[in-house]
Amino acid sequence: MANTTQTVGIYLYDGVEVLDFAGPFEVFSTASRVAQRRAPETQPPFSVATIARSRTAVSARAGLQVLPMHTLTDHPPLDILIVPGGVDAPERARDDLREWISGQAVRVDVLASVCTGAFLLAGAGVLDGREVTTHWEDVAELAALFPALTVRDTGRWIDTGPVITSAGISAGIDMSLHLVARFAGHELAIATARQMDFQWRDADDGADR
């Protein structure tokens with residue numbers, strides 16, 4: 001369990017699904033708020049950085065405009081990288097994005113995807129040989145495009161250690177709470193879910209929180 005602040009990067013792009021990135025952002029920022037309320041003298045367990053190709057506004061799904069904090073070339077060193085889904089077809093064709101993801105995969109402690117973000121990780125070659133999941137609508141396509149993966153349509157997330165993939169949209173919240181538990185303790189994850197008024201089912205014990 002970490003005693004220092006973990007930097008969480010969330011990649012943004014035009015067409016990104018709002019809850020795919022906003023859900024994890026809320027989880028990690030709430031976890032830090034709850035932790036510091038309990039122990040004001042300690043460092044926050046998480047710091048969240050949004051990252052995009054440029055600092056200009058990203059047009060998320062349904063037109064929500066979001067200003068990213070950093071770019072692919074000026075973001076701080078990351079401990080956790082989360083790649084959300086959405087209208088991601090244009091992103092799949094970007095060579096520099098594939099190179100950035102594959103480069104981050106060997107630097108971060110955890111590389112994670114939400115929903116169809118799994119396609120971007122798979123395209124970067126970082127999911128080969130792993131059990132993964134994605135939105136239920138896209139399971140068959142992911143399996144067909146990337147036969148080196150074992151694609152499952154079960155559960156809210158699949159944790160293989162350095163790589164975690166989650167199912168669709170709201171499942172990113174469950175996965176992020178799991179990461180809070182993994183990096184900062186199960187008690188803080190439970191308190192974070194309670195603060196968010198979110199019913200969290202932790203795969204470790206199957207109990208609703």
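The values are calculated or read from the model by the stated rules, or taken from the named source; none is laboratory data. Just so we're clear, the structure is a prediction, and the values are computed from it rather than from any experiment. Cβ sites come from the backbone with ideal geometry, for glycine too, and all protein chains shown count toward neighbours. Heads up: the accessible areas ignore ligands, DNA and RNA and are worked out on the full protein's heavy atoms, side chains in. Shrake-Rupley method; radii C 1.70, N 1.55, O 1.52, S 1.80 Å.
Worth a mention:
- Qualifying residue in the stretch 32-50 (condition: open to solvent by 70 Å² or more (accessible area, probe 1.4 Å) and closer than 23 Å to residue 137 by Cα): no
- Only one entry in 137, 99 is acidic (Asp, Glu), open to solvent by 60 Å² or more (accessible area, probe 1.4 Å), assigned to a helix (DSSP H, G or I) and more than 23 Å from residue 23 (Cβ to Cβ), namely 99.
- Residue, surrounded by the fewest Cβ atoms within 10 Å (Cβ to Cβ), within the stretch 1-18, restricted to residues that are modelled with pLDDT of 95 or more and part of a loop (DSSP other than H, G, I, E, B): 5
- Residue in the stretch 59-69 that is among the basic types (Lys, Arg), surrounded by fewer than 21 Cβ atoms within 10 Å (Cβ to Cβ) and over 25 Å from residue 169 (Cβ atoms) present: no
- Any hit, the stretch 75-89, residues being part of a helix (DSSP H, G or I) and buried (at least 22 other Cβ atoms within 10 Å of the Cβ): no
- Qualifying residue in the stretch 49-67 (condition: in contact with a helix residue (DSSP H, G or I) (Cβ under 6 Å, 6 or more places away or on another chain), modelled with pLDDT of 95 or more, of a type in the set (A, V, I, L, M, F, W, C) and farther than 26 Å from residue 189 by Cβ): yes
- Checked against the criterion of being in contact (Cβ under 8 Å) with a residue 24 or more places away in the chain and in a helix (DSSP H, G or I), the stretch 154-168 has no qualifying residue.
- Some residue of the stretch 25-40 being part of a loop (DSSP other than H, G, I, E, B), farther than 16 Å from residue 115 by Cα and at pLDDT below 95: yes
- Taken over the stretch 65-93, the criterion of being over 23 Å from residue 133 (Cβ atoms), within 19 Å of the chain's Cα centre (by Cα) and of a type in the set (A, V, I, L, M, F, W, C) is satisfied by 66, 67, 69, 72.
- For the stretch 89-128, filtering for residues that are touching a strand residue (DSSP E or B) at 6+ places or on another chain (Cβ under 8 Å) and not aliphatic (A, V, I, L, M) leaves 6.
- Filtering the stretch 49-60 for residues that are of a type in the set (D, E, K, R), in contact with a Lys or Arg (Cβ under 9 Å, 6 or more places away or on another chain) and assigned to a loop (DSSP other than H, G, I, E, B) leaves a non-empty set.
- Criterion (more than 17 Å from the chain's Cα centre (by Cα), open to solvent by 10 Å² or more (accessible area, probe 1.4 Å) and within 23 Å of residue 95 (Cα to Cα)) met by exactly one of 128, 153: 128
- Out of 112, 122, 118, sole residue that is outside any loop (DSSP other than H, G, I, E, B), crowded, with 21+ Cβ neighbours inside 10 Å and in contact (Cβ under 8 Å) with a residue 60 or more places away in the chain: 112
- Subset of the stretch 168-199 that is of a type outside the set (Gly, Ala, Ser) and in contact with a strand residue (DSSP E or B) (Cβ under 7 Å, 6 or more places away or on another chain) - its residue that is farthest from residue 82 (Cα to Cα): 199
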